[in-house]
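Below is one structure; the comments refer to it alone.
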Amino acid sequence: MAVTSQLVIEAFEARYSSTPDLARAPGRVNLIGEHTDYNLGRVLPVAIDLDCYAASAPNRQGLLRVHSENLHQSREWPVEQIAGLQAAGDWTDYVIGIARQLPLGHGRDLLIASNVPLGSGLSSSAALEISTALALGWPDMTPGIELAKVARRAENEFIGLPSGIMDQFAAVFGQRNAALLIDCRSLESEPVPLPDGVAIVAVNSMVKHALGQSAYRDRVAECAVAAADLGVESLRDARPEQLQLIRDPVAQRRARHVLSENQRVLDFVTASRKGDLREMGRLLVASHRSLDQDYEVSCAELNFLVNQAIEIEGTFGARMTGGGFGGCTVNLIDPAAVEAFKDRVRSAYLAEFGIEPVFYQIHASDGARRIS
């Protein structure tokens, strides 16, 4: 059953016997521009119509009490101890990472319920961070760039994941019916309307290989090696003709992906503004091949889903989306072909891996807000 604001309020009242303030934040699907954000490059995410809700109210116990409806788990900590907590390696790290950056001052109850599937590459973590910050009393009435920065800092400093700002930015600034072209160095953005006549379908592989987080850190380090070889602050400042100057062949491949992906983002935006769906699709596939071969963050399941998709009539293009090693693919499809696409992909994937994929037809959504 889909999570709604009313269901969240009712669950909170039943558990904590008080009426909460409520906030929501969307997940995101990144159309193109993968692993470029922490290299200060460009990305093109879409905030999606799958949300995380966070409900909160003060309590008199001096505790931060948290309950996850999705996981049926509860935790609590004395408020005065939050600043000294260490990461626990589970979902509560996202809550504590945010709570450490807010002046709670007293006890709070917090209930979280999300429609964003966990481990899917659709940024359930950033949706949790942003909705939690708003529910726990983010001081500005209107979410803005400082909220995205604080949420990213919680992920970088408390959880220890050296991620870029794309996910939090998309959760805050998402726009209905448009993607966001984000410059991850200047933090400037502009909406990019998506052409009519195309459906965006995410396909969840239902796998998430354990390699994901460690390999993510490795890629960040490999990109830093490449930038150091070139004498630039980040790969955003590198040029394709400089690639041969990178001494380590692995770092050279990582840099080749980043540089080519930054250009693909710009080309995709141009194609989208022209309504050129075939060029948009071609760029998606090129992005996937680069992520698989040069960046080496794909896996057998994702490659199979992409290869199946591009053989289906009515599919313009497909690629993995998110950090990699599982999660989702994103597919651009003729709306009339969506049901046939689902049927063919489902049967082929089930036959190959014994796993039934899950499909999400994506609609570009507004960013985070307080509901009450």
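Of the Cα atoms belonging to segment 250-310, the radius of gyration and Dmax stand at 12.4, 36 Å.
Subtracting the Cα-Cα distance of ASN307 and GLU241 from 0.36 nm times their residue separation leaves 20.7 nm of extension gain. P(r) for segment 309-372, from all Cα pairs and a bin width of 5 Å, is 3, 14, 21, 25, 16, 8, 5, 5, 2, 0 %, short bins first. Normalised Debye scattering of segment 120-177 at q = 0.13, 0.17 Å⁻¹ gives log10 I(q)/I(0) of -0.30, -0.51, counting only Cα atoms as equal scatterers and leaving out solvent. When Rg and Dmax are taken over the Cα atoms of segment 298-346, they come to 10.4, 30 Å.
Mind ordering 81-89, 275-283, 23-31 by average Cβ neighbours within 10 Å, highest first? Working shown, then result.
Values: 81-89: 11.1, 275-283: 19.0, 23-31: 29.9.
The packing order, highest mean first, is 23-31, 275-283, 81-89.
Pairwise alpha-carbon distances in segment 166-324 exceed 27 Å for 29% of all pairs. Converting phi to 3J(HN,Hα) with the Karplus coefficients 6.51, -1.76 and 1.60 and the offset θ = phi - 60°, segment 21-31 yields 7, 10, 9, 9, 8, x, x, 8, 10, 8, 5 Hz in sequence order, with x at every glycine or proline. Within segment 1-61, the percentage of alpha carbon pairs spaced more than 20 angstrom apart rounds to 48%.
Gyration tensor analysis over the Cα atoms of the chain returns equivalent ellipsoid semi-axes of 34, 25, 19 Å (largest first, whole Å). The aspartates and glutamates within cross-link reach of LYS342, meaning a Cα-to-Cα straight distance under 20 Å and a gap of 8 or more places when in the same chain, are ASP49, GLU301, GLU311, GLU313, ASP334, GLU352, GLU356. Between ASP109, ASP334, ASP218, the Gaussian network model of the chain with springs among Cα atoms under 10 angstrom shows the greatest mean-square fluctuation at ASP218.
What angle, in degrees between 0 and 90 and rounded to the nearest 10, separates the Cα long axis of helix 211-230 from the longest principal axis of the Cα atoms of the chain? It works out to around 60 degrees. Shown here for segment 43-85: trypsin sites (Lys or Arg not before Pro) in loop regions (DSSP other than H, G, I, E, B) with at most 16 other Cβ atoms within 10 Å, namely ARG60. The angle between the Cα long axis of helix 249-274 and the main principal axis of the chain comes to about 90°, on a 0 to 90 degree scale.
Kindly provide the helix-only [θ] at 222 nm of the chain, computed as the sum of -39,500 (n - 2.57) over DSSP H runs of four or more divided by all residues, to the nearest 500 deg cm²/dmol? Walk me through the intermediate numbers first.
On the way: 10 runs with 138 residues, N = 372.
Estimated from H runs of four or more residues: -12000 deg cm²/dmol.
Segment 1-141 has equivalent-ellipsoid semi-axes of 26, 18, 13 Å, by the square roots of 5 times the alpha carbon gyration tensor eigenvalues, sorted largest first. What share of all Cα pairs of segment 233-369, in percent, falls into each consecutive 5 Å distance bin? Histogram of Cα-Cα distances, whole percents per bin: 2, 9, 17, 19, 19, 14, 10, 6, 4, 1.
Multiplying the residue separation of ARG15 and ILE145 by 0.36 nm and removing their Cα-Cα distance gives an extension gain of 43.5 nm. Multiplying the residue separation of GLN61 and PHE353 by 0.36 nm and subtracting their alpha-carbon distance yields 100.2 nm.
Carbon and sulfur atoms: what percent of the 1.4 Å accessible area of segment 194-351 do they account for?
Numbers: 3300 of 6610 Å².
That fraction is 50 percent.
Across segment 100-136, the residues whose backbone nitrogen lies under 20 Å from the label position 7 Å along the beta-carbon direction of GLU76 are 100, 104-113, 136. Across ASP93, ASP37, ASP248, mean-square fluctuation computed from a Gaussian network of the chain (C-alpha pairs under 10 Å connected) peaks at ASP248.
The values are calculated or read from the model by the stated rules, or taken from the named source; none is laboratory data. Predicted model, so just to flag it, every value in this text is computed and none were measured. Glycine gets a Cβ as well: all are built from the backbone with ideal geometry, and neighbour counts include every protein chain shown. We work out accessible area using only protein heavy atoms, side chains counted, and drop any ligands, DNA or RNA first. Shrake-Rupley method; radii C 1.70, N 1.55, O 1.52, S 1.80 Å.
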